[in-house]
Amino acid sequence: MEQTLILIKPDAIEKRLTGIILSRFEALGLEIAGAKVVCATEELLREHYANLQGSPFLDGVLKFMLGEYNHLPDHRIHAFVLRGENAVARVRAALGATNPEKADPWTLRGQFGCIKNGVMQNAVHASGTPEEAQREINLWFKPEEVLK
Ligand code: TYD
């Protein structure tokens with residue numbers, strides 16, 4: 001069964017959207033195979049966003065992901081492993097485009113995202129490919145924290 005990683009970002013945590021977002025994935029028939037609250041470090045986020053190395057918006061993304069633009073008392077991120085048939089592509093489709101202003105209105109990013117402080121505050125991260133999903137799951141979860 002295919003697995004994917006999703007991260008509920010600080011904008012969505014501040015708006016208390018975690019339950020609503022998860023219910024959309026559950027409605028698609030996806031199963032929660034891992035769940036945790038992580039106090040993210042800059043080191044972990046740099047590793048997660050290694051593909052953005054050298055990009056002009058990396059600093060803004062790191063600040064956003066560390067909660068600096070939201071009113072949270074710490075660096076919390078809600079992390080989930082979801083699994084199911086074609087999970088990676090179906091979750092990405094439910095997210096919509098990276099840019100929330102361009103995302104279709106029925107998608108999670110279209111409904112809950114915005115651009116603020118020059119950063120796309122787009123509510124949810126999800127892995128882009130099955131290979132990326134395995135790398136990201138190993139980064140955020142220990143093997144024993146995920147259902148086999
Ligand atoms: P990326 O990995 O390209 O997109 P996705 O999250 O859809 O896989 O980019 C990572 C995050 O960086 C993205 O969710 C929002 C932020 N970002 C910006 O703030 N500005 C930009 O121009 C881009 C491309 C991304």
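Derivation of every value follows stated rules applied to the coordinates shown; laboratory data play no part. Values in this document were obtained by computation on a predicted structure and should not be read as measured data. When we count neighbours, we look across all protein chains shown, and the Cβ atoms used for this are built from the backbone with ideal geometry, even at glycine.
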Flagged pairs (Cβ under 8 angstrom, 6 or more apart or on separate chains; first in region 52-79, on the phi > 0 side of the Ramachandran plot; second part of a loop (DSSP other than H, G, I, E, B) and of a type outside the set (S, T, N, Q)) are Gly67/Asp74; Gly67/His75
Scope region 103-145; condition assigned to a loop (DSSP other than H, G, I, E, B) and within 19 Å of Ala87 (Cα to Cα); matching residues: Trp106, Thr107, Ala123, Ser127, Gly128, Thr129, Phe141
Within region 53-68, take every residue that is outside any helix (DSSP H, G or I) and crowded, with 18+ Cβ neighbours inside 10 Å and give me the one that is farthest from the ligand (Cβ to nearest atom). Gly67
How about region 92-125: which of its residues are in contact with a helix residue (DSSP H, G or I) (Cβ under 7 Å, 6 or more places away or on another chain), touching a residue at least 40 places away in the same chain (Cβ under 8 Å) and within 11 Å of the ligand (Cβ to nearest atom)? Asn117, Gly118, Val119, Gln121, Asn122, Ala123, Val124
